[in-house]
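These notes are about the structure you will find just below.
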Amino acid sequence: MVEEIELDEPGPHDVVVRMAAVGICGTDLHQVKGEFQRPTPMVLGHEGAGVVEAVGEEVELVSVGQEVVLSWAPSCGDCGDCRRGRPAACVPLHRAIGNGTLVDGTTGMSLDGATVYRGTATGCLAERVVVSERVALPIGAGVPLQEAALLGCAALTGVGAVLFAARVTPASSVLVVGAGGVGQFVVQGALIAGAETIVSVDPFEGRREQALRLGATHAVAPEDLNGALAEVAPEGVDFGFDAVGDPSTSATALRFTRSGGTAVIVGLPATGLRLDLDPGEFVRREKSLTGTMYGSEDPSVALPMLLEHVRAGRLDLASLVGPVYPLEAVDDAVRATLAGSPGRVLVSP
Ligand SMILES: [Zn+2]
Ligand SMILES: [Zn+2]
């Protein structure tokens, strides 16, 4: 639904970004489907790129006219996690995301005097957004805005899960459960890391074909996974990624991880879900199960690395751009995402 709302004037360290492309992420779908308890009305959207249109008087990091991708992890800079270089784990940030606000507790958006909330501390599924200069990260030359938008969530999350969270080793075997936006980037990250066997599993045929194009060595439907792995990794894979975040997909990633291997939950689970685990997986079989948020690295550190992979041709953004909808058709964009579009569905405001 499209509404005209009021935005507060940018503060001294804020910038106004004219959005060019915004991806529809699984996190947005959780909110649409009512799987999160977050306040409404809310402007969704946290994976976007655009052009800086105005800057507050003390802004130093970006200038008007610069192309930027938005990070949704502004972080407080002050809590233990931030000081340890894990801003995506920042406690005040997660409180803000749960409350539908920015880290300072405000939203800077209103409709007829009532507060409008922000999805994932961002809310950029709009023509314009006012954000801190610290989350508007310059893109530089050679990466079109529609492709750059994907860096803002799916690419950082998926590639970061491989490179910074799991630290996948060369010649290893990798299973990627789910071949949506994040899963496709886990596949690409595994290729960058030098994995030898990359098995993608997804119920949608279009997504499986895309995973194969992007570097998966095998792509199978869920019912064929057992048979496929019996052939290529009979003892299990070195690294199992759950790019969906459902208890059943997490269980699949863990089950097919070999003894001593690592399973990583990448997809964001809906609120209130629980895993049913066999402790023997961890004791007798010495498996590790871990999770990763937003690539487990400071976005301002990870993004330049990803841009380098893009420019060198190792990270493909272009073929992951799916259908692009105008802002008026945002509901169609959400429906296309729910229907399992093989490419990332974008809105071009
Ligand atoms: Zn996202
Ligand atoms: Zn913090």
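Within segment 135-161, restricting attention to residues that are out of contact with any strand residue (DSSP E or B) (no Cβ under 7 Å at 6 or more places or on another chain) and among the β-branched types (Val, Ile, Thr), which residue is surrounded by the fewest Cβ atoms within 10 Å (Cβ to Cβ)? Spell out how you get there, then give the answer.
Initial filter on segment 135-161 (out of contact with any strand residue (DSSP E or B) (no Cβ under 7 Å at 6 or more places or on another chain)): 140-144, 155-160.
If we keep only those that are among the β-branched types (Val, Ile, Thr) too, we end up with 143, 157, 159.
Working: 143: 20, 157: 30, 159: 29.
Looking at residues that are out of contact with any strand residue (DSSP E or B) (no Cβ under 7 Å at 6 or more places or on another chain) and among the β-branched types (Val, Ile, Thr), I get 143.
In segment 230-248, what residues are more than 20 Å from residue 172 (Cα to Cα) and surrounded by 21 or more Cβ atoms within 10 Å (Cβ to Cβ)?
244, 245
When only residues in segment 75-105 that are touching a residue at least 24 places away in the same chain (Cβ under 8 Å) and more than 9 Å from ligand 2 (Cβ to nearest atom) count, which is surrounded by the fewest Cβ atoms within 10 Å (Cβ to Cβ)?
Going through segment 75-105, the residues touching a residue at least 24 places away in the same chain (Cβ under 8 Å) turn out to be 75-76, 85-89, 93, 96-100, 102-103.
Of the ones still in play, those that are also more than 9 Å from ligand 2 (Cβ to nearest atom) are 85, 88, 96-100, 102.
Values: 85: 11, 88: 24, 96: 23, 97: 23, 98: 14, 99: 15, 100: 23, 102: 23.
Among residues in segment 75-105 that are touching a residue at least 24 places away in the same chain (Cβ under 8 Å) and more than 9 Å from ligand 2 (Cβ to nearest atom), the one surrounded by the fewest Cβ atoms within 10 Å (Cβ to Cβ) is 85.
Restricting attention to segment 167-191, report how many residues are out of contact with any helix residue (DSSP H, G or I) (no Cβ under 9 Å at 6 or more places or on another chain) and among the aliphatic types (A, V, I, L, M).
Looking only at segment 167-191, we keep the residues that are out of contact with any helix residue (DSSP H, G or I) (no Cβ under 9 Å at 6 or more places or on another chain), and these are 167, 169-171.
In the following step, the residues that additionally are among the aliphatic types (A, V, I, L, M) were identified as 171.
Selection size over segment 167-191: 1.
Among the residues of segment 108-134, which ones are within 14 Å of residue 14 (Cα to Cα), crowded, with 23+ Cβ neighbours inside 10 Å and of a type in the set (Ser, Thr, Tyr)?
122
Out of curiosity, is residue 317 touching a residue at least 24 places away in the same chain (Cβ under 8 Å) and under 16 Å from the mean Cα position of the chain (by Cα)?
Details: touching a residue at least 24 places away in the same chain (Cβ under 8 Å): yes; under 16 Å from the mean Cα position of the chain (by Cα): yes.
The answer is yes for residue 317.
Cβ-Cβ distance below 9 Å, separation of 6 or more or different chains: which pairs start in segment 11-32 with a residue that is in contact (Cβ under 8 Å) with a residue 40 or more places away in the chain and end on one that is charged (D, E, K, R) and within 16 Å of ligand 2 (Cβ to nearest atom)?
13/134
Quick check on residue 122: is it away from ligand 2 (no atom under 16 Å from the Cβ) and within 20 Å of residue 296 (Cα to Cα)? I'd like the intermediate steps shown before the answer.
Details: away from ligand 2 (no atom under 16 Å from the Cβ): yes; within 20 Å of residue 296 (Cα to Cα): yes.
So residue 122 fits the description; yes.
Given the criteria assigned to a strand (DSSP E or B) and among the hydrophobic types (A, V, I, L, M, F, W, C), does residue 346 qualify?
Details: assigned to a strand (DSSP E or B): yes; among the hydrophobic types (A, V, I, L, M, F, W, C): yes.
So residue 346 passes the test.
Taken together, the values in this text are just the output of simple stated rules run on the coordinates, not laboratory data. Treat the numbers as computed from the prediction; the structure is a model and nothing was measured. We place every Cβ from the backbone using ideal geometry, glycine too, and count neighbours over all the protein chains shown.
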